[in-house]
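Report on the following structure.
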Amino acid sequence: MNRFESIKEYFRQVSLGARNVHFFRAGSVPKLTKTFTSLEKKILVVAITALVVTSAFLISQSYVSVTEVVPDFGGKYVEGLVGQPRFINPTLSPANKVDQDISRIVFSGLIKFNADQQLVPDLAAEMPQISEDQKQYIIKLREDIVWHDGQQFTADDVLFTIKLIQDPQYQSPTRLNWNKVEVQKIDNFSIVIILKEPSAPFLTNLTQGILPKHIWESVEPANFALTKFNLQPVGTGPFVVTNIAKSDEGEIRSITLSSFENYKDGKPYLDEIVFKFYETYDDAIAAYHGRDIMGLGFIPFDKKNYVEKSSRINLHYLNLPQYQALFFNKSKSPVLNDKNVRYALAQSIDREEIINAIYFGKAQSSRGPIPPGYIGYNPGVEESHLYNIENAKALLSASEFIKVDGTKVLKKGDVDLEFTLTTNNFPPNVAVAELLKKQWEKIGFQINLEVLTIGELEQDKLRPREYQSLLFIENVGADPDPFPFWHSTQRQDPGLNLAIFGSREADALLEEARTNADPAYRDQRYKRFQEILVDDMPAIFVANSLFIYGINDKIQGVELNNIVNQSERFLDIDKWYLNTKRAIK
């Protein structure tokens, strides 16, 4: 056998997996290669290299075929928010979107919405057992849940939170959700909630975040909004607040949250989440382009194009159950007390211009207090008040507002056709208010625009109801129940009836609808209620806009479609991930 036949036989035995290769025992290859020519050596090297590469390729292909890419632990996500956190406390956070976002990650409710907008258990072990008369909710709690400080979560925490919310001394914005409700402890991990009357939308109230009794029970009502626990929260959520960085002036620059090892649904994939805070949306967008952050908590429509320039951002256009509306406080303006004037305002709004100029087509015209797709939605309810400039002018003329030589503003005797439009400094509200001012002044109105921070608006205008007209966005939640926003009992703070609307018939319809779970029954009453509302015109509904959320495409596991409110974008944040690995299928 010559040496080439020997080499051939060697590779054949190797390929067959032979344990003993007889032709080349230890030391034989070096002796053989001494007799090789330079060309033969090169051929041998190529052959061996080809064998190694082929073997490696086959092994890797075999590995890939039996494994799959799965999420792995580690990594940090950084998001930019506009504003400042004040209360990382679910009983106070609804008043501030920044607080709401962080509270959603730190705290848990008895139940929660999943990605399909279905209610599922959270702190509860199962969905509540509801009595036939729909007045009793028996809730069994999970027994394996601990707070971030290691203390056991029990029924006492639930009772404490609900009773705290019900106490007016604590001034919780969610207090009205728990009126006429009694909560009792059955045992350490079971409670019963008793309603004085059935409430179709009540189930969604159980998404309320729960506070730890052992932390908060020593805090007096007078100190509730001042205590350090509002920025050093202890919750049961997937992430724990571990660091707060402040500027020399005391403003919070960033908050770091670390994954909770003992989270009830398993340790989150991300190690950390960092929220950085900015004064303006321009600052936040600049930070994104500068790679200081990986996500933008909200992107104004007029800034969308600047963000889209980045090829590494995923923009999520999310539907929210909310509307942007103009609310009239008729008692503060004789002009707005005239129904013809309110009708004229409604008929001189060019919604198409607003949607295209402000929302870049990413919105729908709003026609009433119930968003599309919800029980009671009636798209034709405002058909009689669609855009009609000539009819709007005729209505003003019928109320004896006429043009006086040398002035653009119409007058009725000594009274100018004038009022103040108040809004907060949220960019879509400011932009729409400015465009409404422009549209209305074309037909003889004088509009005085007043733009305030959300804090100023709440304290100085909303609570005392000190405004003539108000442009604001209201989120109706998962159930479209208009009661909190339009029943006459909600006209004063902390009620949400911003139009100070009152009608006995409307009140009766709302009361009947919320005490009956039959969708057809509720639908009929909601539609009649909207007819009454449009006839009186205490408010004008402008638009239903989308919520734009931008996040770097390195972050995976983000599945978003429709959400109840903007903080619900974090509903599955424990499943978001940056790192991956291969695992056996």
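The values are calculated or read from the model by the stated rules, or taken from the named source; none is laboratory data. From a predicted model like this one, the values you see are computed outputs, not experimental measurements. Heads up, the Cβs are rebuilt from the backbone with ideal geometry, glycines too, and the neighbour counts pull from every protein chain shown.
Table for the structure above
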read-out	value
Answer from Ala392, Ala433 - the residue that is touching a strand residue (DSSP E or B) at 6+ places or on another chain (Cβ under 8 Å), in a helix (DSSP H, G or I) and surrounded by 20 or more Cβ atoms within 10 Å (Cβ to Cβ)	Ala433
Selected residue (criterion: farthest from Ile473 (Cα to Cα)) from residues of segment 526-568 that are surrounded by fewer than 22 Cβ atoms within 10 Å (Cβ to Cβ) and charged (D, E, K, R)	Lys554
Positions within segment 160-208 being among the aliphatic types (A, V, I, L, M) and in a loop (DSSP other than H, G, I, E, B), in sequence order	Ala200
Search result, residues across segment 366-398 that are without any contact (Cβ under 8 Å) to a residue 40 or more places away in the chain and aliphatic (A, V, I, L, M)	Leu386, Ala394
Options Gln151, Gln118, Gln136: the member that is more than 28 Å from the chain's Cα centre (by Cα), in the same structural domain as Thr236 (by TED's automatic domain parsing) and more than 18 Å from Gly235 (Cβ to Cβ)	Gln136
Unique match (being aromatic (Phe, Trp, Tyr) and in contact with a Pro (Cβ under 8 Å, 6 or more places away or on another chain)) among Tyr374, Tyr343	Tyr374
Residue tally, condition without any contact (Cβ under 8 Å) to a residue 24 or more places away in the chain, under 30 Å from Pro168 (Cα atoms) and not in a loop (DSSP other than H, G, I, E, B), over segment 495-553	5
All positions within segment 209-228 that are under 23 Å from Gln152 (Cα atoms) and part of a helix (DSSP H, G or I)	Lys213, His214, Ile215, Trp216, Lys228
Single residue of Val240, Val234 found to be assigned to a loop (DSSP other than H, G, I, E, B), touching a Phe, Trp or Tyr at 6+ places or on another chain (Cβ under 9 Å) and β-branched (Val, Ile, Thr)	Val234
Every pair of residues 6+ apart whose Cβ atoms lie under 6 Å, when the first sits in segment 431-456 and is over 13 Å from Ser469 (Cβ atoms) while the second is of a type in the set (Lys, Arg) and at pLDDT 95 or above	Ile443/Lys393
For Glu383: the one exception among (1) surrounded by fewer than 15 Cβ atoms within 10 Å (Cβ to Cβ); (2) within 16 Å of Ile473 (Cβ to Cβ); (3) not β-branched (Val, Ile, Thr)	(2)
Any chance Asp302 is surrounded by fewer than 22 Cβ atoms within 10 Å (Cβ to Cβ), within 27 Å of Leu421 (Cα to Cα), under 24 Å from the mean Cα position of the chain (by Cα) and outside the structural domain of Leu510 (by TED's automatic domain parsing)	yes
